[in-house]
1. Could you give each residue of segment 36-48 its phi-based ³J(HN,Hα) in whole Hz, using Karplus coefficients 6.51, -1.76, 1.60 with θ = phi - 60°, and x for Gly or Pro?
2. Can you tell me the 0 to 90 degree angle between the C-alpha axis of helix 89-101 and the longest principal axis of the chain, rounded to 10?
3. Using R₀ = 45 Å, calculate the FRET efficiency as 1/(1 + (r/R₀)^6) where r is the Cβ-Cβ separation of GLU360 and GLU249; round to 0.05.
4. Once you list every other residue whose beta carbon is under 10 Å from the beta carbon of LEU11, what net charge do they have if Lys and Arg are +1 and Asp and Glu are -1?
5. So for segment 183-356, averaging the separation of alpha carbon pairs under 8 Å that are six or more residues apart and normalising by length, what relative contact order in percent results?
6. Collect residues whose amide H, placed 1.01 Å from N in the peptide plane, falls under 5 Å from the amide H of MET88; neighbours closer than 5 in sequence don't count.
7. To the nearest 20 debye, what is the magnitude of the charge dipole of the chain about its Cα centre, counting +1 on the Cβ of each Lys and Arg and -1 on the Cβ of each Asp and Glu?
8. Return the lysines within reach of LYS77: Cα separation strictly under 28 angstrom, same-chain partners fewer than 8 residues apart disregarded; answer none if there are no such residues.
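Quick note: the coordinates plus some simple rules give every number you see, no bench work behind them. Note that this is a predicted model, so its numbers are computed, not measured. Here the Cβ is made from the backbone with ideal geometry for all residues, glycine too, and neighbour counts use every protein chain on show.
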Amino acid sequence: MMKILHVITGLENGGAEAVLFRLCTTDKRNSHRVVSLMGDGKYGQLLLDANVDVECLNLQRGRLSLKGTRRLYRIIKGSSCDILQTWMPHADFLGGVIGKFARTPNVIWTVHHSNYDSTLTKVGTRFLVRVLSYLSPLVPSLVISCSRVALESRLSEGYRPRQALVIPNGYDDQFFTPDRRDQRAYWKGLELGRETLVVGMVARFDAQKDHKGLLSAIAQLPHDVPDFSLLLVGPGMSAENAMLNAWIEEAGLTNRVFLLGESVDVPGIMANLDLHVLASAYGEAFPNAVAESMAAGTASIVTDVGDSADIVGETGWVVPPRNPTALAAMLDSVLRLGRKHLRAKGWTARERVQTHFSLEKMLNNYGSAYTSLNRVVDKAHKES
């Protein structure tokens, strides 16, 4: 059993954080411990409840402190970990550099973001990625990306790691189950019609997700499109979001769009949609929402960002990003297929996740990566 110490920027509700949670709580072959540079967010207490040790440095976003840096050094040095795995650029930099000073045997950088849009990404973040490209041949023993597109993006930005590999995210098909025994009862608070198709997008409020583009696409649909409602789920999807509500009103969709906020029952929501849409404009690597909807038996329309097209394969539909007209045409075509066809498509989507993106497969891939690095260290010790 190897000791893996994870350093992550924060533990809020995000894709990388969700993968870290699944890895730490289901990998019984190794010992995992987590350090958050910021707070405990959504996943801190969940990790503690699963008996995973968590320590939060409570650093302010984008700011280093001498006290926090010293504390992180003491944690890494005192952990005697076999592998230090860092998640997200800020943790890659701070955790990786301190890990080298602490003489950690192996450092893994973990990539969960593809391209950084120059008009929407903070200058500091883009500068940090540039710094990491210079450090990439020196600090990490291995770079693991959840996405082929994300790894290619890092390499094009100058990353030159000694080793790099892609490990797609994995999902528990027993957690995401297609339970639609009474879809109307599940949405009873919304008073949807019996024949109303339920379309959803599960994503935080962020320019990357392009909710405005999705609303623009829906506003372009013809009047004879089958009856449907759009459910927006995630952080920021609430009546308190003035900007989002203004977009909905401008698009004339106040009677068609429901804002459900952040939900703890994502599996239930995914299973009771007729169709999931991810309208992202940029930056996706391996979007969890797409694979989760598929695992729950719900087919998806996705924009061609990150590995989304590779994830859905022939079980979903793909449109160009930032193109509301193309998205509207696809929505119109897909909604006309009807509920029966969409559910059949959803079953093939679930089978694709079970075959290509299972939790067991992800755990085995990480286990093989850890073991291969540990063998290199053991060999070096024996030779010395």
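1. So the Karplus estimates, Gly and Pro as x, are 9, 5, 10, x, 8, x, 7, 8, x, 5, 5, 5, 4 Hz.
2. Taking the Cα atoms of the chain, the angle to 89-101 is about 10 degrees.
3. Given R0 = 45 Å and the Cβ-Cβ separation, E is 0.45.
4. Charge balance near LEU11 sits at -2.
5. Reported relative contact order: 24 percent.
6. For MET88, the qualifying residues are THR110, HIS112.
7. Dipole of the chain, to the nearest 20 debye: 1420 debye.
8. Correct list for LYS77: LYS3, LYS28, LYS42, LYS67, LYS100, LYS379, LYS382.
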